[in-house]
1. Please give me the summed charge of the neighbours of residue 92: other residues whose Cβ is under 11 Å from its Cβ, Lys and Arg +1, Asp and Glu -1.
2. Taking the Cα atoms only, what angle lies between the long axis of helix 140-150 and the longest principal axis of the chain, rounded to 10 degrees?
3. Report the residue, chosen from 107, 171, 33, that carries the largest GNM mean-square fluctuation when the chain is represented by alpha-carbon nodes joined by springs under 10 Å.
4. Add +1 for every Lys or Arg and -1 for every Asp or Glu among the other residues with Cβ under 14 Å from the Cβ of residue 118, and state the total.
5. Most exposed first by the Cβ proxy, i.e. fewest other Cβ within 10 Å, how do 133, 116 rank?
6. Points 7 angstrom from Cα along the Cβ direction at residue 9 and residue 133: gap in nanometres?
7. From the P(r) of the range 103-223, can you give the percent of Cα pairs sitting at distances over 16 Å?
8. In Å, what Rg and Dmax follow from the Cα atoms of the chain?
Amino acid sequence: MILQDNINRLKRLLKESHRITVFTGAGISTESGIPDFRSPGGLWTKHKPIQFQDFITSAEKRKESWRIKLKLDSMLATATPNKGHKALVTLFESGRLSSVITQNIDGLHQASGIPDDRVIELHGNTTYAACLDCKKRYELDVIKKIFDVDETLPVCDDCGGMIKTATISFGQAMPEEEMKKAEKETLDCDLFLAIGSSLVVYPAAGFPIMAKQNGAKLVIINRDETPLDEIADLVINSEIGETLSEAVKM
């Protein structure tokens with residue numbers, strides 16, 4: 001009964017809002033079979049994250065990074081958008097959802113139907129690679145063919161720079177353009193939905209606070225409690241896909 005009451009409250013907030021910004025974390029993708037990297041059994045509990053500086057200075061660390069990447073790809077190969085992703089598409093098509101700010105690197109928001117220019121990826125995207133110098137994009141099947149032979153490290157054929165997955169590594173600066181876009185969307189919204197994030201990783205976790213301080217309503221949907229629950233207008237601790245699917249039924 002409490003859950004249904006909360007979903008009804010969320011429905012009302014969605015209907016009353018004109019410009020919604022969504023912020024997503026790993027929790028929305030776990031329902032697609034992608035484990036949270038930080039949770040027990042997650043990738044980072046089995047493989048120590050490689051610092052960006054180590055990637056730059058050590059060929060062996062670059063090789064290790066690509067080995068981990070290939071393991072990650074085997075996890076992502078069968079992942080498809082779930083009910084939560086699809087519910088956000090419904091919200092977008094209603095004209096109320098302005099953008100999705102995401103900490104995720106799996107590309108599932110785009111795969112679900114949210115336009116590329118409406119998805120702001122704070123931590124990059126693991127579905128392709130790029131030269132660290134000239135930013136030229138490389139598709140992963142090309143990199144895999146090079147690396148699989150004898151772990152030959154890929155090098156940019158335009159400028160000779162190092163090629164890395166298009167994700168933000170530990171110790172790497174956050175992308176300035178995406179952070180600016182995220183801040184603008186946060187300040188322009190009248191409803192901010194934080195979905196599937198523990199809201200402990202900064203600076204990204206600062207966006208819900210920014211939205212609330214700017215007068216927007218703040219809703220947090222997550223299976224576990226977060227440090228920002230006390231400032232939210234509504235907190236729903238439940239399965240994300242089911243909750244959102246029910247809430248977007250207008």
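Read-outs: derived from the displayed coordinates by stated rules, not from any lab. Keep in mind it's a predicted model, so treat the numbers as computed, not measured. Virtual Cβ from ideal backbone geometry, glycine too; neighbours counted across all protein chains shown.
1. That sum, taken over residues with Cβ under 11 Å, equals +2.
2. 40
3. Fluctuation is largest for 171.
4. On the way: positive: 19, 96, 181, 184; negative: 93, 116, 117, 121, 178, 185, 188.
Once all neighbours under 14 Å are counted, the net charge is -3.
5. Values: 133 13, 116 9.
Exposure proxy ranking, most exposed first: 116, 133.
6. Each label point lies 7 Å from its Cα, and together they span 5.6 nm.
7. 69
8. 18.9, 61
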